[in-house]
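The values are calculated or read from the model by the stated rules, or taken from the named source; none is laboratory data. Just so you know, these numbers come straight off a predicted model, no measurement behind them. Virtual Cβ from ideal backbone geometry, glycine too; neighbours counted across all protein chains shown.
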Amino acid sequence: MLTFTGKPQCALIENYLVVFLKPFPPIYQLVTNQGFHKLAVHGVPCMCHTDGSLLTSRELHNELCNNLHLCHWQMLDQPQWTHAALLNPSKTETSFLFILCNNNNTINRALCTLCYMYGKLCKMVLAPTFIQHRQCKKCFLLTHETAKCPLNCPLYK
């Protein structure tokens, strides 16, 4: 994850796209975090192959797109099973996560429409996302911003 100070315009960042992505395999892409929402689908039947392995992300995506209200949204990558599903193959129901692009603020429409997975009504909710901490310039901890630092040094105000 790349974090920039301020809010640089996408066009400016795209000028340096080759430099930013050079250290990574070609499958990586650069996207802004604005307009994207992580969603969780709960109560999904754990569908497995005959060898006991969970269905792939692509298979999950195909089933998710059977919900017509979701198939036209731009998704960032394929849906992923939660760690609970991956660690416990005996589960009968679990959850998966995916990210939708929502540039026009219509995410509530997706959340309020019924979602079915493998013939079962499931619950789709906004998933909590990791909030990037900023390093304090006074004490260098990652637990708070400089403006909220408990140290009272006038040099950093």
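Take the conditions modelled with pLDDT of 75 or more, exposed (fewer than 13 other Cβ atoms within 10 Å of the Cβ), under 23 Å from Asn102 (Cβ atoms) and of a type in the set (A, V, I, L, M) and apply them to Ala40. Does it pass? When the stated conditions are applied, Ala40 does not pass them. The residue that is farthest from Tyr118 (Cα to Cα), counting only those in the stretch 64-76 that are surrounded by 13 or more Cβ atoms within 10 Å (Cβ to Cβ) and modelled with pLDDT under 85, is Leu76.
Does the stretch 95-107 contain at least one residue that is in a helix (DSSP H, G or I), closer than 30 Å to Gln9 by Cα and of a type outside the set (Ser, Thr, Tyr)?
yes
For the residues Lys91, Lys148, the requirement of being modelled with pLDDT of 80 or more and either β-branched (Val, Ile, Thr) or surrounded by 13 or more Cβ atoms within 10 Å (Cβ to Cβ) (or both) singles out Lys91.
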